[in-house]
Amino acid sequence: MKNQKRGQIRIIEAFLAVLIVFSSLAISASLTTERKTTESSDLASIGLQALMKLDSDGSLSDYIETGNWSGLRETLNLLLPEGVSFNLTVYDGDMQQINNEAITNGNLDSQEVASVKYVCVSQNPNFKYYVIYLRLAVVK
Amino acid sequence: MKGLKKLAGAKSSGQLLIVVALAIAILISTTTAYVYEVSREKPSSTQDYPIAELIQAVKQGSRNAVISALANASTGGEKRALALNLDRLVQAYKSLNVYGLYYLSYNVLNDSRYVNGVLLSWEDTDGLGVSSAYANFTLKFSGLTEKTTLSYAINITTTITLEGHCTLNGSEKIVNLTCQVFNEGKTALAKNITVYYEVNGRWVPANSSNNLSITDYGNGIYAISFTISTESDAVQASIHVYDLRGIFVKANVACNQA
């Protein structure tokens, strides 16, 4: 009888241990996700603002229409905060990629990446629009 | 139950602990795998932006579409360019579903001055020239957490004012003009300025043979002077301007002798 009770207590102890371990892991997982989502959202917001600033005077579509990819890369480098890597891809209205060279300032592999999708409407008399995908990551 | 009781017995308690330890190991490993999965690279969707930024982005797109239409209409394109541009813009946003779930609609201004949302007022001789386009938009945005309906108007207007007089210089007349360029009521720069004067009902471009000089003060004010041989008291002058957005506007003025 004594041994039986001792065994039951052991089972309860073991399950308590499982519960503690599981709950601590669950809490840490939720905290990690929340933090990373916020960071990613902030980065996307920064990227969107940079593109909007560049688009406000029509210079974004000018860079695209003249194929001045190095100029676009340098301007984005200036507009984005230091320590942010980016990779930009430009598509026309038919979703055909336009940029024939990489518009990037670093490698985004194995990093937390935020994505921005932006429609750039040209101020050119002939109506055109471009779809821009901007991927951003904080250099660690 | 019998089995459990047996396991819980003193002799089998070690086996039970092994089973429980295995259960713990499985739980920990699956939890770790889950944590790893969710904390891996998470591409943020555009819906992660604040809604105010999405609205700004759509406004920016519609503003550029109106500028494009006015640049087209003012350089000889059809006045329906605005409606055509905005149709294409609405379709583009709809097909790409760029900023989540929303519906953008528009209507162009039609009144005594605007036709199909475009106003080109150039022919007066009071020294005022206006190129303008106006459209109202309604944006209905349905995100996961919030629903927003926003109405806004886009008014793109390039205006020039022209003042002038002429002075007699021997047998010639020196025409002095002051031109000011405005975008949406604020001073703006011109990309290109061409000067004309009227001779026998025909507009003639002023050039270096007329000692044409254009001084750019950098604040939207341009001082222009040229010389012509004419016997008439007043000289009709016309200035054709392209602003930095490619919108064309012209203004005419009668320059009387000072």
Worksheet item: What longest region of chain B stays clear of GluC sites (Glu not before Pro) that DSSP places outside H, G, I, E and B and that have at most 16 other Cβ atoms within 10 Å?
Response: B:185-230
Practice prompt. Could you list which residues have their amide H under 5 Å from that of B:Gly127, counting only those 5 or more apart in sequence or on another chain, with H placed in the peptide plane?
Written response: B:Asn252
Worksheet, complete the sentence: Here, B:Ala33 and B:Asn219, labelled 7 Å along Cα→Cβ, have an inter-label distance in nm of 7.2 nm
Item to complete: Would you mind pulling out the separation of the Cα centroids of region A:52-117 and region B:71-116, in Å?
Response: 26 Å
Fill in: Neighbour-limited loop hits for chymotrypsin sites (Phe, Trp or Tyr not before Pro), region A:39-140 (at most 10 other Cβ within 10 Å; DSSP other than H, G, I, E, B)
none
Practice prompt. With θ set to phi - 60°, apply the Karplus curve 6.51 cos²θ - 1.76 cosθ + 1.60 along region B:128-134 and write out the HN-Hα couplings as whole Hz, x wherever there is a Gly or Pro.
Written response: 10, x, 10, 10, 9, 9, 9
Worksheet entry | Measure of compaction for region B:160-257 (Cα Rg per 2.2 N^0.38 Å) | 1.05
Discussion item. For a quick check of your reading of the filter: which GluC sites (Glu not before Pro) in region A:46-122 sit in a DSSP loop and have no more than 12 other Cβ atoms within 10 Å?
Written reply: A:Glu82, A:Glu101
Discussion item. Set the bar at 31 Å for Cα to Cα. Now go through A:Lys140/B:Lys94; A:Lys128/B:Lys191; A:Lys140/B:Lys140; B:Lys59/B:Lys186; B:Lys147/B:Lys186; B:Lys140/B:Lys250 and name every pair that lies beyond it.
Written reply: A:Lys140/B:Lys94; A:Lys140/B:Lys140; B:Lys147/B:Lys186; B:Lys140/B:Lys250
Practice prompt. Evaluate E = 1/(1 + (r/R0)^6) for B:Ala153 and B:Leu212, where r is the Cβ-Cβ distance and R0 equals 41 Å; express this FRET efficiency to the nearest 0.05.
Written response: 0.55
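Quick one: length gained pulling B:Ser95 to B:Ile18 fully straight, 0.36 nm per residue minus the C-alpha distance?
Between B:Ser95 and B:Ile18, full extension yields an extra 21.9 nm.
Every read-out reported here was derived from the displayed coordinates using simple, explicitly stated rules and does not represent laboratory data. Because the structure is a prediction, the values reported are computed rather than measured. FYI the Cβ positions are ideal-geometry reconstructions off the backbone, even for glycines, and counts take in every protein chain you see.
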